[in-house]
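Working notes, structure below.
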Amino acid sequence: MAGKSNTEAFERLPSQEIKERVKKVKENLSSRGYNDLSFLARGKRGLILYGKKGSKKVCIKYKNPFAKVNTIKHEFYILRYMRNMEIAPKPIELEKDFLVMEYIEGKLIKDFIEKVNKSNRDEIILLFWQLIDYMVMLDLIGLNKQEMNHPQKHIIINKRKSQKQSSNNSHIKPYLVDFERARFSKNPKNLSQFISYISGTKLKRFFGKQDIRLKGKRLREFISSYKKEVVKQKKISAPKIVKDFIRKNTTEQLKSILKEIKLCVFLSPKDLRDKVLIEAGEIPRGKTCSYSYLAKRVGTKAYRVVGSIMANNKFNPVIPCHRVIKANRELGSFNHKEDNLRKKDMLEKEGVDILKQGNKFYVSKDCFLG
């Protein structure tokens with residue numbers, strides 16, 4: 001072992017010695033009430049085991065005995081700080097030699113993208129949009145996750161549908177894991193690192209196979225504007241729900257930048273549905289248009305089809321279907337419902353003038369493209 005660092009010595013231990021260590025760890029944990037223990041992985045900084053405490057499934061990170069720094073203690077406090085954000089495992093217990101946290105079922109992102117079905121293209125886009133939101137939130141709370149430019153082993157994709165997700169959202173939910181290197185910083189780089197990852201050669205090939213349009217150069221261009229806008233934001237405490245926080249608390253300029261970043265990972269205009277959604281994404285804030293206007297823009301007379309595409313839009317509010325109204329400038333339906341008040345509220349917040357005639361609401365001529 002001479003000349004090797006302590007962490008290298010641990011990672012390179014022979015398999016038989018690892019088995020002996022795992023056996024001792026299991027005996028230790030069994031005496032503390034953990035059962036159904038099995039070995040998951042080893043790394044430079046510890047052993048990872050799966051187990052149960054009662055009926056609860058848990059993940060146990062056992063400390064590297066050679067480590068000079070107690071990384072599991074640091075990770076426990078980071079996870080505790082983030083416990084309401086629903087983007088990482090919840091911490092359960094901290095002992096001298098191990099950390100117990102919620103067990104997240106699913107596949108590592110590197111395995112997920114190798115097996116994913118092309119028919120789930122919308123869900124793949126929504127998945128990467130969720131991850132962009134996660135990176136933004138980490139930047140806003142001032143936490144540098146590290147390793148987001150190569151997160152193949154740091155993102156787990158869970159397929160269980162969350163009760164808190166709306167029906168428009170993908171049932172594929174990502175979680176971030178391994179926060180032992182995370183540090184608070186005045187200049188966090190989570191999104192810039194993640195953009196570097198999705199702009200890489202491997203992800204480009206993956207998106208190409210899924211018929212997903214990736215504008216790598218545009219992504220990198222937006223990062224500079226994004227960084228300047230994030231600096232203007234005050235550092236915030238960890239929120240409860242990432243998406244709601246971004247929607248309610250970020251500046252309009254930052255929202256606009258994030259929309260453009262997300263549209264760089266979006267549909268390829270290969271069929272009518274894709275063309276309509278891409279065109280709808282170009283409707284400017286403070287303006288509205290009719291279904292027939294969208295249809296003409298994409299070269300079709302199938303106005304009803306365009307209406308159906310808008311009614312089934314999974315990408316709201318990035319694709320702002322609420323800005324598409326009737327040809328007579330009446331608001332019309334929203335999310336399959338005659339939800340005029342919600343649609344009215346959303347448009348008014350964007351600067352659209354709304355007029356009321358009887359029980360109906362209409363958009364002013366100045367805010368109507370046709």
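Reported to the nearest whole Å, the Cα centre-to-centre distance from the stretch 222-273 to the stretch 111-159 is 15.
Remark: LYS344, LYS56 ranked as LYS56, LYS344, counting other beta-carbon atoms within 10 Å and listing the fewest first. Counting only aspartates and glutamates at least 8 places from LYS23 when in the same chain, those with an alpha carbon closer than 14 Å to its own are ASP36. With contributions of -39500 (n - 2.57) from each DSSP H run of at least four residues, the per-residue ellipticity at 222 nm computed over the chain stands at -12000 deg cm²/dmol. Contact order for the chain, expressed relative to its length and based on alpha carbon pairs under 8 Å spaced 6+ residues apart, stands at 11 percent. Membrane-span-like helices of the chain, defined as complete DSSP H segments with a Cα extent of 27 Å or more along the helix axis and a mean Kyte hydropathy of at least 0.5, are identified as 121-140. Taking the number of Cβ atoms within 10 Å of each Cβ as an exposure proxy, the fewest-first ranking of ASP97, ASP139 is ASP97, ASP139. Any aspartates and glutamates with Cα under 12 Å of the LYS73 Cα? List them, leaving off those in the same chain fewer than 8 positions away. Qualifying aspartates and glutamates at Cα under 12 Å: GLU93, GLU95, ASP97, GLU180. Going by neighbour counts of Cβ atoms within 10 Å, the residues MET310, MET85 line up, fewest first, as MET85, MET310.
Distance between the pseudo-spin-label points of ALA311 and GLU221 (7 Å out from Cα toward the beta carbon): 3.8 nm.
Shape of the stretch 65-107 from its Cα gyration tensor (a ≥ b ≥ c, root eigenvalues): rounded if a/c is under 1.5, otherwise prolate when a/b > b/c, or oblate? Since a/c reaches 1.5 and a/b is larger than b/c, the shape of the stretch 65-107 is classed as prolate. Tell me the net charge near CYS321. Cut-off is 11 Å between Cβ atoms, CYS321 excluded, with +1 for each Lys or Arg and -1 for each Asp or Glu. Residues near CYS321 contribute +3 overall. Given the alternatives (1) 68, 40, 34; (2) 78, 41, 38; (3) 78, 46, 39, Cα extents along the principal axes in Å as computed for this entry is given by (2).
Every number in this text was worked out from the coordinates using simple rules, so none of it is lab data. Because the structure is predicted, anything quoted here is derived from the model rather than measured. Quick reminder, even Gly has a Cβ in these numbers, built from the backbone with ideal geometry, and neighbours come from all protein chains shown.
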